[in-house]
Structure formats: structure tokens, C-alpha cells
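The values are calculated or read from the model by the stated rules, or taken from the named source; none is laboratory data. Since this is a predicted model, take the numbers as computed values, not measurements. Because the Cβ atoms are built from the backbone with ideal geometry, glycine has one as well, and the counts that use them run over all protein chains shown.
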Amino acid sequence: MNKDKAETNRLKKRKTEHIEISLRKDVEFKSVSAGFENYDFIHEALPEIDLDEVDCSITFFGKPLAAPLLISSMVGGVEEASRINRNLAEAAQFLGLAMGVGSQRCAIENPAAAATFRVRDSAPDIMLCANLGAVQLNYGFGIDECRRAVEMIEADALILHLNPLQEALQPEGDTRFSGLLGKIESVCRKLTVPVIVKEVCFGISESVARKLADAGARCIDVAGAGGTCWSEIEKYRSESDLRYRIAESFSSWGIPTAESIQMARRGAPELPVIASGGIRSGIDVAKAIALGAHAAGIALPLLNAACESSESVITALSVMIQVLRTAMFSVGAPDIRSLKSRALCKKI
């Protein structure tokens, strides 16, 4: 077997394992929460608005969204991912939401995998985001590969994800992160679509947000701690007791999402922030927006539904949207702009 084919097979095996482990194991953080339970809205007993008047819609990079929700990047590159992505895309189209695909590195290196990411025919109108690991810019990828990822799926934006800890825990991980910021900046300056930079589950600090803003990123997805924990996923992939124990040590690592939102806002006050990591209800979405987020991203809670059908995804998201609308009504916020100004009480 030649080197390229062996690498392709390793990537496919890893992606399959990620899906199976996420579906079958408890892969959430063990003693860290996203932090939303530490905040409460002040209930408004006299909202002076009608529930039917509540408007959840926003505009995101010129695209209208019916609610401030992004189906976060999850899968791609293997056969089962094609059905999952299509179900997610159909749901996003039906509800008027945004969506990101999983890392397209495998499809850049093996064009046969591109079909598992292509969902534009099922979702012609949605805000669709391509996705590559930022560290690949230190392993031979450049602006051409970024353009190919965008063109491959007719995307409206490119997500560059940062995952140093996850890579460090993988036996096959890419861990050369030195000098990466300058390469991210080059992509941000040259690519014709907006670049969103995100973590995968450990959060973005104030200083990192500032660096990314200075580099030309157009949006930051904090992807904080409290939801899916990639050190847990890599723990279950471990083939030795040593690696298992090392990965297990990081089951409580990271910046809780609620705190990371505020850090990112301080570091990059002019940029929209996406809050992902432990978003589990419409109330979490409302709190994230009141803390400073522009929108919220959801992944793991939709994975089981996406394995079933687009209708199952629509049902799960519809509940979340209606809870968000009800929360807005209960604090007297007729629209998302008003929700941003609603006070949260931090519990002691």
C-alpha cells in the first residue's frame, strides 16, 4: 500500500471512530459545565409584548437566519457522514439556520471523499461553512487548499479550527503549531469569503481572541468547555493504557463556554462571537446571546437525530427555537437586539 493510500485509510478510520464513539460513549466533560447554570435572567412579569411578536431572526454575514443558530461542524469523509450531513442540511434549509461541515482535509487529499460534504443541492439558501484544521497550514496547506474547501461545497465562509490539545492526544496528531498565527492571517487577508476561527471544545481566551481579530478573522467561535470533550473521545480511541491515562487527565480542561464568550468579547469587541460548547437548550442560547454572543452552535445533541432523519433534526431544533422565543418573551425582549441588553444575574 502506498503512503498516500495508507494516510487516507488512517483518516477514514479516525473519522469513523469519532462518529461511533460520540454516539455510543459518554464523551461530555466530567466536572466542568458550560457555565450557563451560573446565570439567571430577571423574569419580566409584565413583558408588554405579545409572544407572536417575538422575532428570533438575525443576519449573519449578509445571510438571513430565522434564529441565531449554527449546526456546528461534525462529520465528513466517510460513507455514514454523507447521510448525516444531508439530514442536517435539509433541517437547516427547512428552518432557515446556518451549518458547518466537518474537516475537509480528507477531501482535499482524496477528492473521492468530497461527495460526503456536498449538501448545497439540499440546502440552496443556508449560510454554509467550509472547514479545515488551521494546523494544516503548517503541513503544506495554503490559500489554494482553503479556496478548494470553499469551492467544494459552495460555502459562504471558511472555518479554521484550532485543536492543539486534541492533536496532542492523538497518536497520529499534527502538533506543529509554532508560527501558525501568521499563516492564519495570510488566509484571512487573501480569501474572498469570511474566515471564522474556532476551538473544538476547550475555549478561546481574551488574548487569543485579540490576536485573531488583529490577524483578520471575521468571527470567533469560542467552542468552550462543558459539552463534548475531545480528550474523552481520544481517550476511547487509545490503544494503550498510557495514552488512555494521559487523555483522561484532560477531562476537565478548558474555559467554560459562558466565560469564554465574555473573554472573546473583551479581546475582540468588534467581531461577532459564536457560542458553542454545551449549548443544550433554547435557554442556553438566550443566555449566550445576553452574555455577548451573536449566535450559538449545536453539535452533539443533533448527532443521534441526524442518524435517523432530517425530520428528527427539525424536531430537536424546533423545540430549541420555541424555548428561545419563550425565554425572550419572558424577559420582554421582542428581538435579538433587545435580548442582548437584558440583564443576567450571576449566582454566588
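Can you tell me how many residues in segment 247-261 are out of contact with any Phe, Trp or Tyr (no Cβ under 9 Å at 6 or more places or on another chain), over 19 Å from Pro171 (Cβ atoms) and surrounded by fewer than 18 Cβ atoms within 10 Å (Cβ to Cβ)?
0
Can you tell me which residue in segment 122-156 is surrounded by the fewest Cβ atoms within 10 Å (Cβ to Cβ), limited to those that are in a loop (DSSP other than H, G, I, E, B) and acidic (Asp, Glu)?
For segment 122-156, the residue satisfying everything is Asp125.
Report, ordered by the first and then the second residue, all pairs with beta carbons closer than 6 Å, sequence separation of six or more or different chains, a first member in segment 320-335 that is closer than 12 Å to Ala67 by Cα, and a second member that is among the polar types (S, T, N, Q) and outside any helix (DSSP H, G or I).
Between residues of segment 320-335 that are closer than 12 Å to Ala67 by Cα and residues that are among the polar types (S, T, N, Q) and outside any helix (DSSP H, G or I), the close pairs are Val323/Ser281.
Would you point out the residue of segment 40-84, among those that are surrounded by 16 or more Cβ atoms within 10 Å (Cβ to Cβ) and hydroxyl-bearing (Ser, Thr, Tyr), that is farthest from Ile298 (Cα to Cα)?
This residue is Ser82.
Does segment 299-317 contain any residue that is crowded, with 18+ Cβ neighbours inside 10 Å and either out of contact with any helix residue (DSSP H, G or I) (no Cβ under 7 Å at 6 or more places or on another chain) or not in a helix (DSSP H, G or I) (or both)?
So far as segment 299-317 goes, yes, one or more of its residues are crowded, with 18+ Cβ neighbours inside 10 Å and either out of contact with any helix residue (DSSP H, G or I) (no Cβ under 7 Å at 6 or more places or on another chain) or not in a helix (DSSP H, G or I) (or both).
Which one of the conditions (1) outside any strand (DSSP E or B); (2) surrounded by 17 or more Cβ atoms within 10 Å (Cβ to Cβ); (3) not β-branched (Val, Ile, Thr) does Leu23 fail to meet, given that it meets all the rest?
(2)
Hey, does segment 329-341 have a residue that's assigned to a loop (DSSP other than H, G, I, E, B), closer than 25 Å to Asp55 by Cβ, out of contact with any Asp or Glu (no Cβ under 7 Å at 6 or more places or on another chain) and at pLDDT below 95?
Yes, segment 329-341 contains at least one residue that is assigned to a loop (DSSP other than H, G, I, E, B), closer than 25 Å to Asp55 by Cβ, out of contact with any Asp or Glu (no Cβ under 7 Å at 6 or more places or on another chain) and at pLDDT below 95.
So which pairs qualify, if the first residue must be in segment 157-180 and assigned to a strand (DSSP E or B), the second must be modelled with pLDDT of 95 or more and aromatic (Phe, Trp, Tyr), the Cβ gap must be under 7 Å, and the two must be at least 6 apart or on different chains?
Matching pairs, first to second residue: Ala157/Phe61.
Name the residue, out of Leu291, Leu303, that is farther than 21 Å from Phe60 by Cβ and at pLDDT 95 or above.
One residue alone meets the criteria, Leu303.
Based on what the data block shows, is Asp52 more than 30 Å from Phe141 (Cα to Cα), modelled with pLDDT of 95 or more, in a helix (DSSP H, G or I) and of a type in the set (Asp, Glu)?
It is true that Asp52 is more than 30 Å from Phe141 (Cα to Cα), modelled with pLDDT of 95 or more, in a helix (DSSP H, G or I) and of a type in the set (Asp, Glu).
Yes/no matrix, rows are residues, columns are (1) surrounded by 24 or more Cβ atoms within 10 Å (Cβ to Cβ); (2) at pLDDT below 95; (3) in a loop (DSSP other than H, G, I, E, B):
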residue: Ile220; (1), (2), (3): yes, no, no
residue: Ala223; (1), (2), (3): yes, no, yes
residue: Ile233; (1), (2), (3): no, no, no
residue: Glu239; (1), (2), (3): no, yes, yes
residue: Arg245; (1), (2), (3): no, no, no
